[in-house]
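Nothing in this text is a laboratory measurement; each read-out follows from the coordinates by a stated rule. As the structure is a prediction and not an experimental result, all values here were calculated from the model. Quick reminder, even Gly has a Cβ in these numbers, built from the backbone with ideal geometry, and neighbours come from all protein chains shown.
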Amino acid sequence: MSRAHRWINRTILGIGLASFFSDLSHETVTSLLPAWLATCGGAAAMLGTVEGVADGFSMLAKLYGGWLADRLQRRKPLCASGYAVMGLSPLIIAAAANPFLILLGRTMAWVSRGLRTPARKALLAAAVEPEFYGRAFGLERALDTTGAILAPLLALVLLSAGFVHRQVILFSIIPGLLAAVCIMVFVSEDQKRVPVQHGLFSSMTSLPRPLYRFLLGVGIFGLGDFADTFYILYAVTKLTPQVGANEAARMSVVLYAIHNVAYALLSYGGGWLSDYVNRRVLLLTGYLCAAAASLAMACQISGIPSLVVLFALGGAAVGIYEAVEDAIVADLVPDSQRGNAYGALAVTTGTGDLLSSVSVGALWASFGAGIAFASAAVVMLTGILLVAFAALRESKTMPIEGS
């Protein structure tokens, strides 16, 4: 096999396919969740509670899952069981007769997702040489996003064919379990890996200092990096006076599809490119794209061509920086500590996502979209500067992979 293709192996393909099937499963449930919750007597506030509680437990699970991934000799069983439990969680959601069972099923899904994520990333990083980290993580992100793009379409096809919501949710179990099968059948790992026997707190404090400097910048950037749903809300707000509420809602769905296609394409494209150029520079490029999109909304752009560019820019930003962040963590941390490192990264980005979305929503409600998105852009630019300074400091002491 040529040098250019050595990174494509059973483990990489297995993890990529697992991400595809898992996202196809849980995003199918997500697309039906508001309507299904309403049939069970839940209002909009309950939807926020379900998603907020599930996300909170998921962040804690990622921290614990990272520690566990380094403590266990074999990471594969942890990863496979996480996919399996998440794949079975729609059973509880479909059987729900009240919102609290839906909350239980969603929380179970997100906790299992949190437990498996650091182990999956550590397995992926161990499966390729450092010069191929970018494209390996990029392929996994691209397949994950492809599953998310296809999931609402799958739900729509099944509903159009006469299936009811409960049946579609139950159908999502099939791709969910296929994800676990992909891990069990295709993924391999080093059977002689020596686990790290440290407590949770001591294992976090022993992570390399360069990682913490990197996470500081990532965390500050994340405090301005709001949820993608704000793009949709912004588009609906700007398009409704032009075309009416119904057409604005339809057009916003099309725009979000453009966002996700750009996300999928740049996940692999950005990861691939990071194996040939300085990864920190590419990461900063992705961050700058996100800040530029926020500034564009602060300037109140409203034309349809401008909105197309806005959504594509936002999708490209996420596609670039998610894959490259994972590759940089693999550069900075040895295999024995990567579970903890990816847990720390997940908690950092998850906390930023939560706080940024709350703050942008509050600022928008109080002072308008211009102030909200301008403030977010300022915070993002602060994080960008911190990441740049950390990169300059590291470049004085060690070469940066992918440069």
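Multiplying the residue separation of residue 393 and residue 131 by 0.36 nm and subtracting their alpha-carbon distance yields 92.2 nm. Each peptide in 154-164, 343-353 receives the mean, over its residues, of other Cβ atoms within 10 Å, and ordering these scores from highest gives 343-353, 154-164.
Among 19, 25, 359, the order by Cβ neighbours within 10 angstrom, fewest to most, reads 359, 19, 25. Modelled this way, with points 7 Å down the Cα-to-C-beta line, the labels at residue 73 and residue 101 are 4.2 nm from one another.
Each of [x] 53; [y] 22; [z] 38 is a candidate for percent of Cα pairs over 36 Å apart; the one calculated from this structure is [y]. Pairs of Cα atoms nearer than 8 Å and 6+ residues apart set the relative contact order; for the chain it is 26 percent.
Based on Cα contacts under 8 Å between residues 6+ apart, the stretch 232-382 shows a relative contact order of 29 percent. Given their separation in residues at 0.36 nm each and the Cα-Cα distance between them, residue 191 and residue 38 gain 50.3 nm when the chain is fully extended. Footprinting exposure proxy ranking of 299, 289, fewest other C-beta atoms within 10 angstrom first, gives 299, 289.
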